[in-house]
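The values are calculated or read from the model by the stated rules, or taken from the named source; none is laboratory data. Source: prediction; values computed, not measured. Here the Cβ positions follow ideal geometry from the backbone for every residue, glycine too, while neighbour counts run over all protein chains shown. Ligands, DNA and RNA are stripped out before the accessible areas are found, and what is left, the full protein with its side chains, is counted by its heavy atoms. Shrake-Rupley method; radii C 1.70, N 1.55, O 1.52, S 1.80 Å.
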Amino acid sequence: MGARLLCLCLLTALLGYYIYTPLPEDLAEPWKVMLVSAAFRAVGHLSEAADLLGLMHYMEGMRLITVLELVAPTPDENVTVTDTKFNNVPVRLYLPRRAPGGLRRAMVYFHGGGWCLGDAGMKSYDHISRRISNELNAVVVSVNYRLAPQHRFPVPFEDVYSVTKFFLQSKVLSQYGVDPARVCVAGDSAGGNLAAAVAQQLLQDPEVKTKLKAQILLYPALQALDLNLPSYRDNDNKPLLPRSLMVRFWSEYFTSDPALREAMASNRHIPADSGHLFQFVNWSRLLPAEMRKAHVYSGPAVGGAGLAREHRGFLDPRASPLLASDARLHRLPPAYILTCEHDVLRDDGVMYAERLRAAGVPVTHHHAKDAFHGAMMFVLWPLDLAVGHRLFSTYMDWLNENL
Ligand SMILES: *[C@@H]1O[C@H](CO)[C@@H](O)[C@H](O)[C@H]1NC(C)=O
Ligand SMILES: *[C@@H]1O[C@H](CO)[C@@H](O)[C@H](O)[C@H]1NC(C)=O
């Protein structure tokens, strides 16, 4: 009896130790955030163990998070939901049921998950897409692009580009009763990366006549040149995206070669001939003082010549949209950019907002001081957070006025 009780106490203490993570003081509902974050960490640890044992790739294990969250495409009283294909790429399509009363707006959406995880059919994505479709009377196309590590860059980009291009054809827009002047692309995290890249690529494509009304980038990843920005330094270990995981996502997008991951982890992955790109991620110029804080600027170290010759994908603006020249930015559609203070990707979004503004693009930049990476996903009971509801409602208001 005594031994069992002792075991129970020890287990409880261990569990408490595992779950407990020091959090910034301004994060509300800390215990809920800690629980979610501990669940993510636990899946991460199990996946690492399974990878080490040769049972499965780390990312295969991480996909457990996606699989547990999947819901079927079920219509409700307001919206019909179907899984179909556009240009051979799977999409989940949301069509409002109410009488159109004129042409509709539309959103092409790219989910997050570091180009390796995630699915349009995850409960929270499905919920958000339904609400946008219903409340904005909009057609929502949520894309299930192919994922790394099976399909590395540029495949995920090419899939989302091909869906967007297909949808923007006049005959397709009119088939769904969509107003060609009211279509946007949107995405969160890696999906925000894809949305920014798609918006840039469309401007270079003579075959596309429809212009986007807006691009929506929710805590996007926008560059892999400097992985030691102040936001990476300050938020090394915050929920839900520690620096090590972001580095892993970036490297898996291009290669399984662990050398790239190790080089990225120490920010020594930059080819010697790419010094001209540093200006686009020069945070000493592009970040406001309150984000630079006391950090002293040093650009990324140049090194890893052989490595860099092999994996140059991360220098391509289709992977790192922040590396596009000013000339390529100035005709881009108006942007809504959400950044969170406690997020390694904060500075990517802040610097892109700054560069777009300087290039004359209208930008709405919403910086949430009390939020962490992925916070907007938490809008569903029992894992909903006040901060999630607030970010979502600010976003919906903007869409309602600007799409
Ligand atoms: C349908 O739309 C109405 C009005 O927006 C809303 O109150 C209701 O909850 C929606 N139903 C579902 C199943 O989401
Ligand atoms: C970064 O910006 C600072 C301040 O504007 C400037 O002094 C420095 O030369 C720049 N560095 C690079 C590599 O562009």
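Do any helices (runs of 4 or more DSSP H) entirely within segment 299-403 hold 2 or more residues that are of a type in the set (Val, Ile, Thr), under 20 Å from GLY191 (Cβ atoms) and modelled with pLDDT of 95 or more, and if so, which?
In segment 299-403, 386-402 are the helices (runs of 4 or more DSSP H) which contain 2 or more residues that are of a type in the set (Val, Ile, Thr), under 20 Å from GLY191 (Cβ atoms) and modelled with pLDDT of 95 or more.
Is there any pair linking a residue in segment 120-144 that is over 16 Å from VAL185 (Cβ atoms) to one that is aromatic (Phe, Trp, Tyr) and open to solvent by 10 Å² or more (accessible area, probe 1.4 Å), with Cβ under 8 Å and at least six apart or on different chains, and which?
If the second residue must be aromatic (Phe, Trp, Tyr) and open to solvent by 10 Å² or more (accessible area, probe 1.4 Å), the pairs left are SER124/PHE378.
Can we say PRO317 is within 15 Å of ligand 2 (Cβ to nearest atom), out of contact with any Asp or Glu (no Cβ under 7 Å at 6 or more places or on another chain) and of a type outside the set (Asp, Glu)?
In short, no.
Output the residues belonging to segment 107-129 that are farther than 15 Å from TYR395 by Cβ and within 16 Å of ligand 1 (Cβ to nearest atom).
Answer for segment 107-129, where residues must be farther than 15 Å from TYR395 by Cβ and within 16 Å of ligand 1 (Cβ to nearest atom): LYS123, ASP126.
If we keep just the residues of segment 85-101 that are modelled with pLDDT of 95 or more and open to solvent by 20 Å² or more (accessible area, probe 1.4 Å), which is farthest from THR210 (Cα to Cα)?
Looking at residues that are modelled with pLDDT of 95 or more and open to solvent by 20 Å² or more (accessible area, probe 1.4 Å), I get ARG97.
Being closer than 15 Å to ASP347 by Cα and buried (at least 19 other Cβ atoms within 10 Å of the Cβ) is the filter here; which residues of segment 269-281 pass it?
PHE280, VAL281
Out of all the residues in segment 28-56, which are open to solvent by less than 60 Å² (accessible area, probe 1.4 Å) and out of contact with any helix residue (DSSP H, G or I) (no Cβ under 6 Å at 6 or more places or on another chain)?
Of everything in segment 28-56, those that are open to solvent by less than 60 Å² (accessible area, probe 1.4 Å) and out of contact with any helix residue (DSSP H, G or I) (no Cβ under 6 Å at 6 or more places or on another chain) turn out to be PRO30, VAL33, VAL36, SER37, ALA39, ALA42, GLY44, ALA49.
Table: residues versus (1) away from ligand 1 (no atom under 16 Å from the Cβ); (2) assigned to a strand (DSSP E or B); (3) aromatic (Phe, Trp, Tyr).
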site	(1), (2), (3)
TRP31	yes, no, yes
VAL67	yes, no, no
THR74	no, no, no
VAL81	no, yes, no
ILE132	no, no, no
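Specify which of the listed residues (SER266, SER284) is in contact with a Phe, Trp or Tyr (Cβ under 6 Å, 6 or more places away or on another chain), surrounded by fewer than 16 Cβ atoms within 10 Å (Cβ to Cβ) and over 13 Å from LEU345 (Cα atoms).
SER284
Taking the criterion of being modelled with pLDDT of 95 or more and on the phi > 0 side of the Ramachandran plot, would at least one residue in segment 236-245 satisfy it?
Checked segment 236-245: no residue is modelled with pLDDT of 95 or more and on the phi > 0 side of the Ramachandran plot.
Step by step: first the residues of segment 249-260, then only those that are modelled with pLDDT under 95 and assigned to a helix (DSSP H, G or I), then the one that is surrounded by the most Cβ atoms within 10 Å (Cβ to Cβ). Which residue is that?
Selected residue: LEU260.
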